[in-house]
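**Q** The structure under discussion is supplied below as structure tokens; questions concerning it will follow.
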Amino acid sequence: MTGRRRAGLVPLERPSRYVASFAFPPLTTHPHSRQRCLRPRRTRHSCFTLCSTHTPPPTRYRVFISTGEVSGDMHGAHLARSLQRTLSPSVQLLLRGVGGPQMAAAGVELYEDTQRISSIGVVEALRFVLPTLLLYERVKQRLLVDPPDAAVLIDYIGPNIALAQWLRTHLPGVPVLYYIGPQEWVWGYGGRPVPSSLDYFPQLRACCRCLLAVFPLEAEFYRRRLREAEAEEEKRRLSGGRSETDTPQQPMRVEYVGHPIVDMVTPTTRDAARAQLGCSSDLQEYVVTLMAASREQELHTILPVMIEAAVLLHHTLRDADGHPRVRFLLPVSRPEFRSHVQRLLRRHRIVTVSAKSLSPSPTASSDIHFHVLPSDQAMLALAAADVAMCKSGTVNLEAAALGVPQVVLYRVSAASAWLIRRVLQVQLPYVSAVNIVHMRAAVVPELLQEQATPQRLFAAVHALLKNADGQAERMLRAYREQVLPALQTPEATDMPGRSAAERAAHFLWRTLRDARTAAAAISSPPESVR
């Protein structure tokens, strides 16, 4: 017996009293090395005495988030905060990714900043192809050195689809969740054929564990595609075209979580927003907000149209003394855009007013006063508006959530428009996020490409300001009764009342636990093998 004690086997003689009171962590995470635990002891059960007071280390998860553009950065930051809010005390969370300053402020360690390489349009994107490839090549090297436990890809179709395929090939054990999927559900609405170059569903199904949809029709579209693909596979199997021993396609779930914008926008009355901005509450004066650009190209294609329409409004809306009755608010989404915005306003002989002097109204009939605001006041500027000129995008839903009538416009270069229409043959029923909620009659007016002229924009905004034929009232009613209820977080028995981002975080936690359990089952042989 003395020899066995010296060999470190004494604790195995009477293990029940000690093992029952403490569940040992895996040997690799044990606070003592293997050599120390097996070292001969003078005290018979000294090893168990040490272990019984040990607290297991917290479970550690590493999550990688990839997105681009201002809206993706906002959604990534909101998801990061939701993950941290739902964090268990026994879990450590390490967030890394590529995105922008909002994600960094939310606690995400950024590998790269992707906001400077975002664009819309075929021709517009060409100059960003090489920088994007180089950026993601650096990211891939970081992922190989320190693989995450899960990856969340938010919107940003081209780079994220390529990254999902790379993860499947080089890090097949990393589950991928796609949050806010490709908009092929818009392109293929009503049975329209989706061009093969824009059909991302096969890649999504092959590479992703779960797709988190934020629109009801988005979830419906991808669930239908899943059913069709599974039925086709079953048909091939039964016909002998595929053997039962073939590796099946990786299963992908589609979950509808609701749109995060509904939870992110804080309801603010028009008077309260104007008071916070220092604007006059004069009912005789209109406030028009220009939500123009989150991408560099939009400074050249959209903002000039909005400014020219604002000049027309300035000369049209006057009081009895000939003084202008309208002021304009222009939030700048990124600090580096401010100098270009100032040059563009000076070119139109527009006087810019700092945020500290919003209160005085312009008095000189020849002066057009624009209040240029920083990005952190964008929501206040939108809430303070009687009408907003908006580019298409997430801002359309923000205006709807705040109850602000809006006119939506968008333009790309003539070359990109020709390629989209003639080569890709994409026909979009609507582009505004408000109109694609139900894909029925347009809730907000859209001015696209050739129709996006200063004169048309002026006429549409003027009609809403004057509430011609009750247009503004009908729009606000449609917001309340059609758009926002459809985007509310769906109720579920296991997650009542949770926000969209919290539901997305729930599915990510579940995926992480399932992946960790599966990995443990693979690494631990069954008792019969041991």
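Laboratory data are not the source of any read-out in this text; all were calculated from the coordinates shown. The shown structure was predicted, so the numbers you read here are calculated from the model rather than taken from an experiment. Every residue, glycine among them, receives a Cβ derived from its backbone with ideal geometry; neighbour counts consider all protein chains shown.
**Q** Taking the mean number of other Cβ atoms within 10 Å as a proxy for protection, how do you rank 387-397, 91-101, 512-522, 288-298 from highest to lowest?
**A** Answer by packing, highest mean first, reads 387-397, 288-298, 91-101, 512-522.
**Q** Can I ask one more? From the gyration tensor of the Cα coordinates in the range 117-220, what semi-axes in whole Å does the equivalent ellipsoid have, largest first, with each one equal to sqrt(5λ)?
**A** Value: 24, 19, 11 Å, ordered largest first.
**Q** Skipping prolines and chain starts, which residues have an amide H placed within reach, meaning under 5 Å, of the one on L329, given they are 5 or more residues away or on another chain?
**A** Residues meeting the amide H criterion: V288, T289, L290, H371.
**Q** Give, as a single signed number, the net charge of other residues whose beta carbon lies under 12 Å from the beta carbon of T511, with Lys and Arg counted +1 and Asp and Glu -1.
**A** Here the charged neighbours net out to +2.
**Q** With only alpha-carbon atoms in the gyration tensor, what are the semi-axes of the equivalent ellipsoid for the range 166-226, in Å, largest first?
**A** Over the Cα atoms of the range 166-226, the ellipsoid semi-axes are 22, 13, 8 Å.
**Q** Could you run the Karplus curve 6.51 cos²θ - 1.76 cosθ + 1.60 with θ = phi - 60° over the range 145-156 and give me ³J(HN,Hα) per residue in whole Hz, x for Gly and Pro?
**A** So the J values, rounded to whole Hz, are 6, 9, x, x, 7, 7, 10, 10, 9, 10, 6, 6.
**Q** While we're on this one: Once phi is turned into θ = phi - 60°, what whole-Hz ³J(HN,Hα) does the Karplus curve with 6.51, -1.76 and 1.60 give for every residue of the range 409-425, x standing for Gly and Pro?
**A** Computed from phi, the couplings for the range 409-425 are 9, 7, 9, 10, 5, 4, 5, 5, 4, 5, 5, 5, 7, 9, 8, 6, 6 Hz.
**Q** Further question on the same structure: Amide H to amide H, which residues 5 or more places from R253 or on other chains are under 5 Å from it, using H placed in the peptide plane?
**A** Amide H to amide H, under 5 Å and 5 or more residues apart or across chains, R253 pairs with C210, L211.
**Q** Grab the other residues whose beta carbon is less than 12 angstrom from that of T301, score K and R as +1, D and E as -1, and report the net.
**A** 0
**Q** Please compute the length gained on full extension between L87 and R127, using 0.36 nm multiplied by the number of residues separating them and subtracting their Cα-Cα distance.
**A** The L87-R127 span can extend by a further 10.3 nm.
**Q** Now, a different point. Any idea what % of Cα-Cα pairs in the range 270-487 are farther than 25 Å?
**A** The calculated P(r) of the range 270-487 puts 36 percent of pairs beyond 25 Å.
**Q** If you take the beta carbon distance between E137 and Q342 as r and set R0 to 22 Å, what does 1/(1 + (r/R0)^6) give as a FRET efficiency, to the nearest 0.05?
**A** With a Förster radius of 22 Å, E is 0.05.
**Q** On a C-alpha basis, how far is the centre of the range 184-215 from the centre of the range 78-145 in Å? Whole number, if you could?
**A** Distance between centres, Cα-based: 22 Å.
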